[in-house]
């Protein structure tokens with residue numbers, strides 16, 4: 001179990017860059033992971049979305065508190081702020097890591113940022129298996145994206161945005177097709193500006209603010225209207241989104257730090273550890289102690 005807080009990076013190992021804008025980066029998986037013994041430890045990015053293209057090999061990934069195996073060929077979606085890490089099969093795994101700021105993804109859709117919201121929704125199941133035709137097409141686009149970045153010819157930024165959009169659209173289509181085929185498929189219609197604005201506010205204030213009225217006021221809406229928007233777009237209430245963000249943070253601290261459980265409770269603004277334990281058990285069916293022990 002880790003003894004420090006979950007690291008926040010720009011690219012893995014680099015300090016955060018909150019000023020990054022219109023940023024697109026591509027590198028091979030081997031170029032960074034091989035110098036870290038093929039292990040990218042759990043971390044997160046504040047404002048970067050990533051798409052990994054696994055051409056050969058495989059491994060397992062940490063995705064919040066879950067561990068997910070993957071095998072080539074596949075794509076992996078990693079939204080900003082999500083805790084993630086990778087343990088690749090040494091020497092045999094390679095492919096591409098494409099990283100971009102959220103403003104680039106927002107430009108892929110309309111002005112309401114629905115393309116980014118759609119990608120985030122599809123990333124709830126981050127591993128997207130690829131058939132041979134899709135794999136070949138994505139590999140070709142990734143090579144072209146890398147060449148544009150490396151050669152930096154006139155107009156390369158425009159070309160990179162176009163190539164990245166093609167890659168993102170292809171992966172999103174495959175992920176959406178998979179979700180529609182699943183019996184547990186969630187609604188895949190764009191969630192719209194209201195839900196995305198709520199998510200951003202929750203990310204900023206969830207440590208202290210749990211009341212829906214606070215968020216409705218910030219969005220200049222009534223509580224009922226906000227709930228209606230969220231329910232129609234996501235199938236769950238706005239209160240559920242807030243509780244899930246608190247739960248995600250609790251799981252992160254239980255898995256990725258050695259912080260005492262009573263301190264986690266107070267950090268998350270629970271009145272006492274027993275209140276935190278009741279909340280956690282209601283949401284997960286297990287206690288914080290049991291959850292930590294099972295993943296220790």
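What are the residues in segment 130-141 that are surrounded by 16 or more Cβ atoms within 10 Å (Cβ to Cβ) and touching a helix residue (DSSP H, G or I) at 6+ places or on another chain (Cβ under 9 Å), if any? Spell out the reasoning first.
So in segment 130-141, the residues surrounded by 16 or more Cβ atoms within 10 Å (Cβ to Cβ) come out as 130, 134-135, 138-139, 141.
Matches in segment 130-141: 130, 134, 138, 141.
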Quiz item: Looking at segment 26-38, is at least one residue buried (at least 20 other Cβ atoms within 10 Å of the Cβ), in contact (Cβ under 8 Å) with a residue 12 or more places away in the chain and in a strand (DSSP E or B)?
Solution: yes
Practice problem: Scan segment 207-236 and report the pairs whose first residue is under 21 Å from residue 124 (Cα atoms) and whose second residue is modelled with pLDDT of 90 or more and part of a loop (DSSP other than H, G, I, E, B), with Cβ atoms within less than 8 Å and a gap of 6+ or a chain change. | Solution: 229/221; 230/237; 231/237
Practice problem: Just give me the residues in segment 149-169 being farther than 17 Å from residue 101 by Cβ and either touching a residue at least 60 places away in the same chain (Cβ under 8 Å) or surrounded by 18 or more Cβ atoms within 10 Å (Cβ to Cβ) (or both), in sequence order. | Solution: 169
Quiz item: Counting only residues that are modelled with pLDDT of 90 or more, under 14 Å from the mean Cα position of the chain (by Cα) and farther than 13 Å from residue 54 by Cα, how many does segment 82-116 have?
Solution: 7
Quiz item: Are any of the residues in segment 65-75 in contact with a helix residue (DSSP H, G or I) (Cβ under 7 Å, 6 or more places away or on another chain), surrounded by 21 or more Cβ atoms within 10 Å (Cβ to Cβ) and assigned to a strand (DSSP E or B)?
Solution: yes
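The values are calculated or read from the model by the stated rules, or taken from the named source; none is laboratory data. Computed from a predicted model, the values in this text were never measured in an experiment. When we count neighbours, we look across all protein chains shown, and the Cβ atoms used for this are built from the backbone with ideal geometry, even at glycine.
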